[in-house]
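Visitor: Sharing a structure below in structure tokens format, with a few things to ask.
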Amino acid sequence: MDIISRIIERAKANKQRIVLPEGTEERTLKAANQILTDEVAELILLGNPEEIMDLAKKWGLGNINKATIIDPENHPKMEEYAELLFELRKKKGMTIEDARKLVIDPLYLGCLIIKAGDADGQLAGARNTTGNVLRPALQIIKTTPGITCVSGAMLLLTKAPDYGEHGTVVMGDVAVTPVPDANQLAQIAVCTAETARAVAGIEPRVAMLSFSTKGSAKHEVVDKVTEALKIAKEMEPELKIDGELQADAALVPHIGESKAPNSEIAGHANVLIVPCLEVGNISYKLVERLGNATAIGPILQGIARPVNDLSRGCSVDDVYKMIAITSNQAIAAKENN
């Protein structure tokens with residue numbers, strides 16, 4: 001069974017309630033219909049119920065009626081969610097009137113549904129920017145305890161079975177924090193390792209990447225990576241992690257043995273932590289295009305309950321896979337509490 005099939009099967013075996021705030025968006029609705037047909041997750045669609053059902057009829061989506069459909073502008077829990085938002089944000093100057101206005105915004109409503117315990121995760125972004133998706137998540141759901149830095153991991157399914165976990169590599173951060181400091185980089189490492197467990201189903205072996213291996217070069221950016229390694233080990237003492245390692249030393253056994261002979265990670269890494277967002281974004285796109293790998297994500301991490309952000313150029317298949325991934329993250333988040 002390939003990794004995507006395993007992700008889908010795990011979701012089916014422990015169905016989570018996933019909110020889709022863009023309930024009238026075509027790709028989202030088509031993916032939702034297939035998710036409901038395949039019984040991968042329970043879905044909450046946000047939008048005008050009549051419009052959603054008219055679109056479902058137009059596109060021949062016969063199972064949309066199996067979703068829970070909530071009209072953001074008219075539902076029984078409007079005031080309850082407004083009061084929840086007010087309580088969460090009143091120290092920041094929010095009034096109850098402000099909260100009543102925001103609660104009809106589907107992106108805020110989705111996060112409030114999760115915060116209230118009425119759903120387990122959210123997926124949006126087919127129509128909205130990353131900033132718009134993340135803002136309510138950070139204000140309402142907030143970050144995982146002990147984590148202050150949100151980041152994004154990419155699941156890379158390569159055609160190089162000798163590397164990573166039979167060709168699978170998880171890379172972070174590729175999406176959110178442009179220039180992390182050592183503390184943030186350590187958090188990214190710990191969160192990406194958890195994503196490897198929760199989504200890829202692999203036991204992480206983490207390499208902190210640099211242009212230096214074990215002191216072969218001296219520079220302040222190398223110092224940041226070694227400091228991040230130290231912090232990550234303090235955060236999660238049992239985590240298998242090492243650095244600083246060049247990419248070849250992290251992935252290729254004989255190079256790892258040559259450059260870092262005393263490392264249990266060198267040559268065997270399946271989780272790669274890049275020193276900055278620039279490196280991560282460029283790297284995964286090069287691997288995807290030149291190496292013909294499949295890149296799945298970004299998978300947002302560091303939020304107390306999963307909220308994922310789609311590319312506005314996403315396909316129906318992308319939405320389907322990300323619903324299953326969000327479900328896997330939700331399962332893991334419950335297990336870790």
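Visitor: So with the 1.4 Å probe, I'd like the accessible area per residue for segment 20-140, rounded to whole Å².
Guide: 46 Å²
Visitor: Would you list which aspartates and glutamates come within 20 Å of residue 90, measuring only between C-alpha atoms, while excluding same-chain residues fewer than 8 positions from it?
Guide: 79, 80, 98, 105
Visitor: Could you sort 173, 118, 162 by accessible area so the largest value comes first, with the probe set to 1.4 Å?
Guide: I get 162, 118, 173, largest accessible area first.
Visitor: Counting only DSSP beta bridges with both residues in the chain, tell me the antiparallel percent, nearest 5.
Guide: Working: 13 of 36 bridges.
Here the share of antiparallel DSSP bridges comes out near 35 percent.
Visitor: Over segment 205-265, what portion of Cα pair distances is larger than 15 Å, expressed as a whole percent? The partial results should precede the final answer.
Guide: Numbers: 799 of 1830 pairs.
When all Cα pairs of segment 205-265 are counted, 44 percent exceed 15 Å.
Visitor: Let me ask another. How long are the semi-axes of the equivalent ellipsoid of segment 1-68, taking √(5λ) for every eigenvalue λ of the Cα gyration tensor, in whole Å from largest down?
Guide: Over the Cα atoms of segment 1-68, the semi-axes work out to 23, 12, 9 Å.
Visitor: Next question, about the same structure. Return the carbon/sulfur percentage of the accessible area of the chain, one whole number, probe 1.4 Å, all protein chains in place.
Guide: Taking all protein chains in place, the chain shows 49 percent carbon and sulfur surface.
Visitor: Find the centroid of the Cα atoms in segment 183-206 and in segment 66-101, then give the distance between the two in whole Å.
Guide: 33 Å
Visitor: How much length is gained if the chain between residue 235 and residue 39 is pulled fully straight, taking 0.36 nm per residue apart and subtracting their Cα-Cα distance, in nm to one decimal?
Guide: Contour length minus the Cα-Cα distance gives 66.8 nm.
Visitor: In whole angstrom, how far apart do the alpha carbon centroids of segment 26-56 and segment 151-167 sit?
Guide: If we compute the Cα centre of each part, the gap is 31 Å.
Visitor: Could you compute Rg(Cα) / (2.2 N^0.38 Å) for segment 69-190, with N its residue count?
Guide: Cα Rg divided by the expected 2.2 N^0.38 Å: 1.32.
Visitor: May I have the extent of the alpha carbons of segment 132-270 along their three principal axes, as whole Å values ordered from largest to smallest?
Guide: The principal-axis extents, from largest down, are 48, 34, 26 Å.
Visitor: Can I ask one more? With a 1.4 Å probe and all protein chains left in place, how much accessible area per residue does segment 146-236 have, in Å²?
Guide: About 40 Å² of surface per residue is accessible.
Visitor: Could you list the residues of segment 107-148 with an amide nitrogen less than 15 Å from a label point located 7 Å from the Cα of residue 83 in the Cα-to-C-beta direction?
Guide: Within reach of a label on residue 83, which here means backbone N under 15 Å from a point 7 Å along Cα→Cβ, segment 107-148 contributes 116.
Visitor: Given a Förster radius of 22 Å and the C-beta distance between residue 138 and residue 312 as r, what FRET efficiency does 1/(1 + (r/R0)^6) yield to the nearest 0.05?
Guide: Approximately 0.60, to the nearest 0.05.
Visitor: Take the Cα radius of gyration of segment 150-219 and divide it by 2.2 N^0.38 Å, with N its residue count; two decimals is plenty. Walk me through the intermediate numbers first.
Guide: Working: Rg = 13.0 Å, N = 70, 2.2 N^0.38 = 11.1 Å.
That ratio works out to 1.17.
Visitor: Need the list of lysines near residue 214 for cross-linking: C-alpha distance under 28 angstrom, and skip anything on the same chain fewer than eight residues off.
Guide: Output for residue 214: 224, 230, 233, 240, 259, 285.
Visitor: With label points built 7 Å along Cα→Cβ from the Cα atoms of residue 292 and residue 98, find their separation and express it in nm.
Guide: 5.4 nm
Visitor: Note the per residue figure in Å³ for the convex hull of the C-alpha positions in segment 255-337.
Guide: Looking at segment 255-337, the number lands at 149 Å³ per residue.
The values are calculated or read from the model by the stated rules, or taken from the named source; none is laboratory data. Everything quoted here is computed from the prediction, not taken from an experiment. No Cβ is skipped: glycine too gets one built from the backbone with ideal geometry, and neighbour counts run over all protein chains shown. Accessible surface is based on the protein model in full, side chains and every heavy atom, while ligands, DNA and RNA are left aside. Shrake-Rupley method; radii C 1.70, N 1.55, O 1.52, S 1.80 Å.
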